[in-house]
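Chemist: Please see the structure below; I have some questions.
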Amino acid sequence: MKAGPYAEIPRVDAYEKVRGRAIYGTDNNPAGLAHGAFATATIGKGRITAMDLSEAQAVEGVRLIVTHEETESLQPARFIMQHGFAFQSYSPVLTPHVAYRGQPVALVVADTLQAAIEAASHIRVSYEEEPFTPALDSEGADPVPQAEAATAWPIEDIAVGDAEAAYAAAAVKVDATYTMSTQHQNPMELIGTVAAWEGEHLTVYEGTQNAGACKFGLAEQLGIPAENITVISPYIGGGFGQKNTTQSQLVLAAFAARELGRPVKVVVPRRQIFHDSSFRPATRQRVRLSADSTGRFTAALYEIDAQTSMHDFFQSEHADTAARHYGYGAFRSFARLVPTDTPTPGYMRAPFEHATAFAIESTVDELAYELGMDPVQIRLLNDTKIDIVSGLPHSSRHISTCLRRGAEMFGWDRRTPEPRSMVAENGDLIGMGVAIGLYVGAGGPNRASIRATRNGAIEISLGVHEMGQGIRTAVANVVARHLNVAPESVTAILGDTRGVPQMLTAGSWGSASSIPAAEAACEALREALDALGTNAPEGASPAEILALADRDELSVNAATFAPGQNKEALGEIDTGHVAPTGPVYPDFVTYSYAAHFVEVRVEPTTRRIRVPRVVSMLDCGRVLSPRTARSQAISGVVWGIGGALREAGEVDERYGGILNADIAEYLVPVNADIGSIEVGFIDEPDPLVNRSGVKGLGEVVLVGVAPAITNAVYHATGIRARHLPVRIEDLI
Ligand code: MOS
């Protein structure tokens, strides 16, 4: 690791993007392209008994209709949490079973998209209906203790000390329950696939966070060798966890293209994505938190009911993070999963931590008021250097610094503690709130291959995907610094299975897994250049050395692992699987941290909530690309505002499915909802987690924004919001 903060460079793909030259997955239109559209289920659950395709087949331009009767040769997808590649184990159109309303039941392929859509609307399906359970609170939604749920990676409840006894004996305590609606990520780029065969070889263009899973998952489902498949995903128009895994359309597009002998494009419309992709599960959390009279937390009891599907256990990791918020004297968790007749929920940006922080950080705020303590002070008092669960030290934990610097930047000392004590000139109630957030510092193996040419170009292939977060810019900045070249001379080949193996980019481990490999590759290239024996002057660029050696180019490979990992982890990524490790490493525990400070203005009569000002201070280890990091942080705050005040999937209890399945009615913040957002970074390299000093940033930025807002709303109004999103009617 080289010393000193990284310089700020512009986003390296900015010009490509603004000129429309960045080619996204379904921007590709191979010659002879046909278009697919789904017909979808209109019942909550049941079985297809008959399908009348005659009207659909009569639509001009229709070439193929794929139903469960044609797909017997295809293997069902396997769930990622069972060491598979898909977001769930259930595969629509591969079976007559209907698992939830809105799932695909047939794929129509036609010469034009219009013909495909029209024909899909003419498919007549007869069903045998079954009763269904659409939501966490529906009748028949029965919790299963997570410790008893059969999964590939079992998660036990946590017990540190005797939390029940400590809670019972405590002087001050709070017992509160917090609930959250389902939330749905809505990347601008829709889910979609372009599948094109050339003889036995299949090329897939798809916006995905996991080109490796697309390749190997597809090989498994189609029953063909993985080396016959290329997946190309250089840019993604937002993923946020929705594109972690294979989706329903992938195998069907590939199958239809093979059947037809033509490339096929399937773009899943927004309304269908709401009904047949992963989402943030609804949760019910109960927190019992106690303290002694000085404000030290003596015990936390954390219970969660998290939604899953009938066909899979999407595990809850909420408690793992809850246990790391503070140095509680004792801690106990109880996690339960609640199966519903829905797609399997999944990873949506800060998948567990956003909900956990809402419950924990709200309870801490309640306890601070019980004690008459300042909300920043109580958090500083309960910080810890040791992870109470494992007994290991934290590799780096700068949350107290985040709180102090954030408080100063925000002007926290201007806050008067009493609820309703701050009023603006126009009569708006002013509230100021604080909350912290944390996110696992995961890492993983990665391969890198780097090539330097005599004309000055550096090409590096890494197992990571550019989904807009700025990894291409971070890679360019790191490689430029290590090879003493300009960032513009660096080309990164990402999300492309023609390069090194492509592992899932998620869990905020993109930088922590790929940047160490990039650095190792730069080091290996330096050594290989030195071995040319040119006696080049100190600081010579690779091109200068190659010229002295009269060589056109030089390529080297490298591989790196996270602490505690060995070569076996490479076997996982080489076969399209995930191989993350952390936050608990052999000798330490690693998390990233955020402290968010929020000002709200609540209009006293209508109770309209505004968020004019947010200050966020972040500890993500080394910052690799200041500009894109700042952009990530701002985006996390914007999402937190949406998560707190706007976002909710409205489940249709009568028929199943989601009522507000579009971004007109699934509300997200717009420009008018956003005021000033100031972000800052501690920028201290983590000394242990990897050679680059990098933790993770993409998700922690969102964690804790929601409770900082609801805590500010309490300060403004004296009303405690215990459900997200907070609506005007909650404050009347
Ligand atoms: Mo993320 S929600 O781990 O892509």
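The values are calculated or read from the model by the stated rules, or taken from the named source; none is laboratory data. Every value quoted in this text rests on a predicted model; they were computed, and no experiment measured them. Note that we place each Cβ from the backbone using ideal geometry, even for glycine, and neighbour counts take in every protein chain shown.
Chemist: Checking residue 531 against (1) within 16 Å of the ligand (Cβ to nearest atom); (2) out of contact with any strand residue (DSSP E or B) (no Cβ under 8 Å at 6 or more places or on another chain), which test does it fail?
Modeler: Against the list (1) within 16 Å of the ligand (Cβ to nearest atom); (2) out of contact with any strand residue (DSSP E or B) (no Cβ under 8 Å at 6 or more places or on another chain), residue 531 comes up short only on (1).
Chemist: Going through the range 115-156 one residue at a time, which ones are part of a helix (DSSP H, G or I) and hydroxyl-bearing (Ser, Thr, Tyr)?
Modeler: If the condition is that a residue be part of a helix (DSSP H, G or I) and hydroxyl-bearing (Ser, Thr, Tyr), then 121 is the only one that fits.
Chemist: Which residues, taken from the range 344-378, are away from the ligand (no atom under 16 Å from the Cβ), assigned to a helix (DSSP H, G or I) and not hydrophobic (A, V, I, L, M, F, W, C)?
Modeler: Residues satisfying the conditions are 361, 362, 363, 365, 366, 369, 370, 375, 377.
Chemist: Return the residues of the range 1-50 that are exposed (fewer than 14 other Cβ atoms within 10 Å of the Cβ), touching a helix residue (DSSP H, G or I) at 6+ places or on another chain (Cβ under 8 Å) and in a strand (DSSP E or B); say none if nothing qualifies.
Modeler: Matches in the range 1-50: none.
Chemist: Another question about this same structure. Give me the pairs: first residue in the range 508-534 and outside the structural domain of residue 209 (by TED's automatic domain parsing) and on the phi > 0 side of the Ramachandran plot, second residue assigned to a loop (DSSP other than H, G, I, E, B) and aliphatic (A, V, I, L, M), beta-carbon distance under 7 Å, and six or more apart or on different chains, which are they?
Modeler: 508/442; 508/697; 508/700
Chemist: Give me the pairs, please: first residue somewhere in the range 586-605 and free of Cβ contacts under 8 Å to residues at least 24 places away in the same chain, second residue anywhere and surrounded by fewer than 23 Cβ atoms within 10 Å (Cβ to Cβ), beta-carbon distance under 6 Å, and either six or more positions apart or on two chains.
Modeler: If the second residue must be surrounded by fewer than 23 Cβ atoms within 10 Å (Cβ to Cβ), the pairs left are 586/564.
Chemist: Select from the range 428-477 the residues that are more than 28 Å from residue 316 (Cβ to Cβ) and of a type in the set (Ser, Thr, Tyr) and list them in ascending order.
Modeler: 449, 453, 461, 473
Chemist: From the list 667, 659, 702, which residue is without any contact (Cβ under 8 Å) to a residue 24 or more places away in the chain, out of contact with any Pro (no Cβ under 6 Å at 6 or more places or on another chain) and not polar (S, T, N, Q)?
Modeler: Just a single option satisfies the conditions, and that option is 659.
Chemist: The conditions are (1) closer than 13 Å to residue 689 by Cβ; (2) not in a strand (DSSP E or B), and residue 628 fails exactly one of them. Which is it?
Modeler: Against the list (1) closer than 13 Å to residue 689 by Cβ; (2) not in a strand (DSSP E or B), residue 628 comes up short only on (1).
Chemist: Further question: Please pick out the residue among 168, 99 that is crowded, with 20+ Cβ neighbours inside 10 Å and either of a type in the set (S, T, N, Q) or at pLDDT 95 or above (or both).
Modeler: Result of the check over 168, 99: 99.
Chemist: Need the failing condition index for residue 565 against (1) of a type in the set (S, T, N, Q); (2) touching a helix residue (DSSP H, G or I) at 6+ places or on another chain (Cβ under 8 Å); (3) in the same structural domain as residue 465 (by TED's automatic domain parsing), just the number.
Modeler: (2)
Chemist: Moving on to the next point. Restricting to the range 407-446, give me the number of residues that are under 30 Å from residue 235 (Cα atoms) and out of contact with any Pro (no Cβ under 6 Å at 6 or more places or on another chain).
Modeler: The total comes to 6.
Chemist: Same structure, new question: Looking at the range 320-340, is at least one residue closer than 30 Å to residue 114 by Cα, touching a helix residue (DSSP H, G or I) at 6+ places or on another chain (Cβ under 6 Å), in contact (Cβ under 8 Å) with a residue 24 or more places away in the chain and within 16 Å of the ligand (Cβ to nearest atom)?
Modeler: No, there is no match, as no residue in the range 320-340 is closer than 30 Å to residue 114 by Cα, touching a helix residue (DSSP H, G or I) at 6+ places or on another chain (Cβ under 6 Å), in contact (Cβ under 8 Å) with a residue 24 or more places away in the chain and within 16 Å of the ligand (Cβ to nearest atom).
Chemist: Of the residues that make up the range 309-323, is at least one under 30 Å from residue 130 (Cβ atoms) and small (Gly, Ala, Ser)? Before the answer, list the steps.
Modeler: In the first step, residues of the range 309-323 are kept if they are under 30 Å from residue 130 (Cβ atoms); the result is 309-316.
Cutting the leftovers down to small (Gly, Ala, Ser) gives us 309, 316.
Checked the range 309-323: at least one residue is under 30 Å from residue 130 (Cβ atoms) and small (Gly, Ala, Ser).
Chemist: State yes or no: is residue 476 away from the ligand (no atom under 16 Å from the Cβ), in contact (Cβ under 8 Å) with a residue 12 or more places away in the chain, touching a helix residue (DSSP H, G or I) at 6+ places or on another chain (Cβ under 7 Å) and not polar (S, T, N, Q)?
Modeler: yes
Chemist: Looking at this structure, is residue 682 within 30 Å of residue 43 (Cα to Cα) and aliphatic (A, V, I, L, M)?
Modeler: no
Chemist: Looking only at the range 479-498, count every residue that is within 24 Å of the chain's Cα centre (by Cα) and more than 16 Å from the ligand (Cβ to nearest atom) and tell me the total.
Modeler: Going through the range 479-498 one residue at a time, the tally reaches 4.
Chemist: Let me ask another. Among the residues of the range 309-329 satisfying the criterion of being out of contact with any Phe, Trp or Tyr (no Cβ under 8 Å at 6 or more places or on another chain) and under 30 Å from residue 386 (Cα atoms), which is surrounded by the most Cβ atoms within 10 Å (Cβ to Cβ)?
Modeler: Top of the filtered list is 325.
Chemist: Consider only pairs whose beta carbons are under 8 Å apart and that are at least six residues apart or on different chains; among these, list those whose first residue lies in the range 4-21 and is over 22 Å from residue 621 (Cβ atoms) and whose second residue is surrounded by 12 or more Cβ atoms within 10 Å (Cβ to Cβ) and among the hydroxyl-bearing types (Ser, Thr, Tyr).
Modeler: Here the result reads 10/473; 13/235; 13/473; 17/235, each pair linking the range 4-21 to a residue that is surrounded by 12 or more Cβ atoms within 10 Å (Cβ to Cβ) and among the hydroxyl-bearing types (Ser, Thr, Tyr).
Chemist: Further question: Please determine, by comparing only the residues of the range 204-224 that are surrounded by 24 or more Cβ atoms within 10 Å (Cβ to Cβ) and charged (D, E, K, R), which one is farthest from residue 73 (Cα to Cα).
Modeler: Filtering first and then ranking leaves 206.
Chemist: Let me ask something additional. Which of the residues belonging to the range 537-571 are within 19 Å of residue 489 (Cα to Cα) and in a loop (DSSP other than H, G, I, E, B)?
Modeler: Those that are within 19 Å of residue 489 (Cα to Cα) and in a loop (DSSP other than H, G, I, E, B): 539, 540, 541, 551, 552.
Chemist: Among the residues of the range 276-296, what is the count of those that are buried (at least 24 other Cβ atoms within 10 Å of the Cβ) and either more than 16 Å from the ligand (Cβ to nearest atom) or on the phi > 0 side of the Ramachandran plot (or both)?
Modeler: Counting residues in the range 276-296 that are buried (at least 24 other Cβ atoms within 10 Å of the Cβ) and either more than 16 Å from the ligand (Cβ to nearest atom) or on the phi > 0 side of the Ramachandran plot (or both) gives 7.
Chemist: Right, here's the next one. Against the definition (touching a residue at least 12 places away in the same chain (Cβ under 8 Å), more than 16 Å from the ligand (Cβ to nearest atom), surrounded by 23 or more Cβ atoms within 10 Å (Cβ to Cβ) and within 30 Å of residue 83 (Cβ to Cβ)), how does residue 611 come out, yes or no? Don't jump to the end; show me each part of the working.
Modeler: Working: touching a residue at least 12 places away in the same chain (Cβ under 8 Å): yes; more than 16 Å from the ligand (Cβ to nearest atom): yes; surrounded by 23 or more Cβ atoms within 10 Å (Cβ to Cβ): yes; within 30 Å of residue 83 (Cβ to Cβ): no.
No, not satisfied.
Chemist: Would you mind finding the one in 198, 227 that is at pLDDT 95 or above, surrounded by fewer than 19 Cβ atoms within 10 Å (Cβ to Cβ) and more than 22 Å from residue 493 (Cα to Cα)?
Modeler: None of the others qualify; the one that does is 198.
Chemist: Looking for whichever is under 30 Å from residue 722 (Cα atoms) and touching a helix residue (DSSP H, G or I) at 6+ places or on another chain (Cβ under 7 Å) here; the options are 170, 165, 176. Which one fits?
Modeler: On the way: 170 fails: touching a helix residue (DSSP H, G or I) at 6+ places or on another chain (Cβ under 7 Å); 165 fails: touching a helix residue (DSSP H, G or I) at 6+ places or on another chain (Cβ under 7 Å).
Answer to the check: 176.
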